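This report refers to the structure that appears directly beneath it.
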Amino acid sequence: MLARRLVQGALLLVLSIAKTPPPPSPLYVHSVLHPPPAFGDGCDETLDFRFVAADAAALRARAAALAEAAAAAAAAVERETREREAALVAARLASALGEYAHREAFATADAADDAAAADATTRHVACQEALLGADGGAALAALVDGATDLSVVDCDLGAGGFEKVLVAALSSPGLRRLRVASDLVGDAAFVRAAKRLKKANASHASLARVEVERVGLGPAGAEALCRALAPHAPTLARLSLRGNCLCDGGVAAVAAKLVAISPALAEIDLAQTACGDAGAVALARALAKRPPGSAPVAVDVSGNELGGRGVAALAASPAVARLDARRNALGDDDATLVPRALRKNERLEALGLAHCGLGPGAADLILSAAARKGARLEVLDLSGNALTTAEVERRRKKGEHALVGALSKMASKALPPAAGDGGLGLSAPDVDVFVAAARALGAGQAPKLRWLGLSDTGLTPTHSRLLAAAAKKRRGRGLGAVEVVALANGAAAAKQRKEPVI
């Protein structure tokens, strides 16, 4: 009996392992932006208040200890400076009275100055889920002085505490990176902070990365934030306003008041900001107004309300090198503007159009534009779109009501199919983007392409064999390999048919 139970347990374990789906591939592109470095990288000291019950009293005690240590260090530096000055006076006197000049003392003093400059400590302040409130925000603001990195996430600061932290951060001359996130403070805190910074006449230009995410920022707050960040425009390299309801007005304000005057800006993250076509066009125009020699930009506008006009405006901008426009409802008709834009921008290296509602017709045009001679596109993500006529039909049947399906079937029997018609019950011409992609890759087109996302697009085993043959032909031409990522494509089984020739 025991042996029988052991055998049954082993069989159940084997079956459970067999049914477990394989882990998702780590190669799936979630964003075409470069992965930003972690906050605190390169800092010598970290004040870590993440996931601890830090309150105002604890932060004030820590700030007092730091102030005391800084005062002691300053006193030590002052003593060393006075000793060096006394040594220099003695050396000058000996040089004046002696026969030969004594320059060793000067060289020693210069080396000591260089060593003191090299010993400057960089500090990272991190605070997360600390429930600080307004009083804790004031205490946290006291820790900003002398920090190079500041990360404040979900600390329940409220408008008053958030304002104090923001003013302290934008007034600190050595701060290089600022991240504030997940604290719904609204526009008022930013408006008041901008007024205080204007009165203080802050002119420090040190910030390279600014991430203000999911804080309830609207158009008025975005405009105030841009005024506060204007002094940092010469050094600003990354700007993220992800997760705020900016709408077109807020995006246009950011574009005109900050992006247009930031020549070093290389990454703009406006994902999930309710941006539409008008905001995207305003951003493209602002990028065109930047000074000559400005850095190429990676733009993330995923999860917004863009149509073909907005995506095409950004894709056509010569300033844009990487564009992530995933999860925007482009549609087939709207997306025909994108291929024309791709032909205008010779600098574009990566384009993400996953889950944009593209059909096989629009996807075929986009792929043809990306495969043209001279294109520099390295990454193209078309995942989540229906790239064959069969996949479009399968999704339609899966999503429609049973009664609608029955009526559609009756109409298709009553009306004979006619190619080219798009009405009820009439079939559209068969379009298969995978065949076109295999032919283009096998012919050596898109010479720079190295990554192609085709997950959840209706790809079948027949298509996989076509792409494998194309990869072999491509290697025979001496071109680099193209990595094709095609997860979650087992929904539709391929019918037995003669495979197309590529």
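Computed quantities for the displayed model
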{"quantity": "ARG395/LYS448 FRET efficiency (R0 30 Å; Cβ-Cβ; nearest 0.05)", "calculated": "0.40"}
{"quantity": "Label-point separation in nm, ALA481 to ALA295, each point 7 Å along Cα→Cβ", "calculated": "3.2 nm"}
{"quantity": "Leading residue at positive end of dipole, segment 188-320 (Cβ point charges), from SER302, VAL212, GLN272", "calculated": "VAL212"}
{"quantity": "Label-point gap, in nm, between GLU129 and ALA208 - each point 7 angstrom along Cα→Cβ", "calculated": "3.0 nm"}
{"quantity": "Long pairs among LYS164/LYS289; LYS257/LYS344; LYS195/LYS289; LYS373/LYS397; LYS373/LYS472, criterion Cα-Cα beyond 31 Å", "calculated": "LYS164/LYS289; LYS373/LYS397"}
{"quantity": "Within the accessible area of segment 174-238 (1.4 Å probe), percent carbon and sulfur", "calculated": "55 percent"}
{"quantity": "Shape call, segment 280-335: gyration tensor on alpha carbons, a/c limit 1.5", "calculated": "prolate"}
{"quantity": "Extended-chain gain in nm, criterion 0.36 nm per residue less alpha-carbon gap, THR81 and LYS472", "calculated": "133.8 nm"}
{"quantity": "FRET efficiency for SER182 and LYS344, using Cβ-Cβ distance with R0 set to 41 Å, rounded to 0.05", "calculated": "0.60"}
{"quantity": "Cα gyration tensor shape for segment 201-250, rounded if a/c is under 1.5, else prolate or oblate", "calculated": "prolate"}
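The values are calculated or read from the model by the stated rules, or taken from the named source; none is laboratory data. Note that this is a predicted model, so its numbers are computed, not measured. Cβ sites come from the backbone with ideal geometry, for glycine too, and all protein chains shown count toward neighbours. Keep in mind that these areas ignore ligands, DNA and RNA; they rest on the heavy atoms of the full protein, side chains included. Shrake-Rupley method; radii C 1.70, N 1.55, O 1.52, S 1.80 Å.
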